[in-house]
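What follows is calculated from the coordinates using simple rules that are stated; it is not laboratory data. Because the structure is a prediction, the values reported are computed rather than measured. Neighbour counts run over all protein chains shown; Cβ positions are idealised from the backbone, glycine included.
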Amino acid sequence: MKTAGDIIAAHNQEVWSISPNATVFEALKVMSDKNIGALPVRDGGKGVVGIVSERDYARKVVLLGKTSQETRVEDIMTPASQMITVNPDASLESCMELMTAHHIRHLPVFAKERLIGIISSRDVIQAVIQEKGRIIESLQDVSQTLFIQGHDDLIAGGKG
């Protein structure tokens, strides 16, 4: 079964990030430009201090009547101490379970305390669908081979 690390490797993308002092508007701009739904928040030498997502914007800015240009990322981010994370060896099944249990759509992937990427629920679903498709193809191949062998055996048996 595929893992979180397999998804990260397949995407082979740079990990974009934002400063906690940046405005939410700046974070939204990066997310829009890069077509991603969440950003790790990095504070210079401290490394990853949190994660901010489009959902954070909707719930902690829009619904509270704030503006994205005046609100700082640090005011709406999920701090590192509360982040749900996985290591590259995490199975897709365990990633899906974590996302479902914690009502989140993005999982930071850490290898030896270093962020190597973020996977989304969409990434996981696509990978599972691809994996199931490969299983179905191989089962169809086996089924077809067995059918042909059975047919050939039936024909051969009828001639003897």
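Sort Lys132, Lys112 so that the residue with the fewest other Cβ atoms within 10 Å of its own Cβ comes first and the one with the most comes last. Provide the component values of the computation, followed by the final result.
Values: Lys132 10, Lys112 7.
Taking fewest neighbouring Cβ atoms as first place, the list is Lys112, Lys132.
First measure r as the distance between the Cβ atoms of Ala58 and Gln13, then evaluate 1/(1 + (r/R0)^6) with R0 = 25 Å and state the FRET efficiency to the nearest 0.05. The partial results should precede the final answer.
Values: r = 24 Å, r/R0 = 0.97.
Using R0 = 25 Å, I get an efficiency of 0.55.
Give me the dipole magnitude in Debye, nearest 20, for the chain about the Cα centre, with unit charges on the beta carbon: positive for Lys and Arg, negative for Asp and Glu. It would help to have the intermediate numbers written out before the result.
Working: 17 positive and 20 negative charges, 90 e Å.
I would put it at about 440 debye.
Using the Karplus equation 6.51 cos²θ - 1.76 cosθ + 1.60 (θ = phi - 60°), what ³J(HN,Hα) coupling, rounded to whole Hz, does each residue of segment 83-90 give in order, writing x for Gly and Pro?
Couplings: 5, 8, 10, 9, 9, x, 7, 5 Hz.
Fewest Cβ neighbours within 10 Å first, please rank Met96, Met77, Met31, Met1 accordingly.
Values: Met96 15, Met77 25, Met31 19, Met1 10.
By the 10 Å Cβ count, ascending: Met1, Met96, Met31, Met77.
Show me 35-41, 97-103, 124-130 ranked by packing, highest mean number of other Cβ atoms within 10 Å first. Kindly include the intermediate steps, with their values, before the conclusion.
On the way: 35-41: 19.4, 97-103: 12.4, 124-130: 15.0.
So the order, starting with the most tightly packed, is 35-41, 124-130, 97-103.
For segment 1-146, go through all pairs of different Cα atoms, get the mean of 1/r, take its inverse, and jot down that Kirkwood value in Å. Working shown, then result.
Numbers: mean 1/r = 0.0609 Å⁻¹.
Taking every pair of different Cα atoms in segment 1-146, averaging 1/r and inverting gives 16.4 Å.
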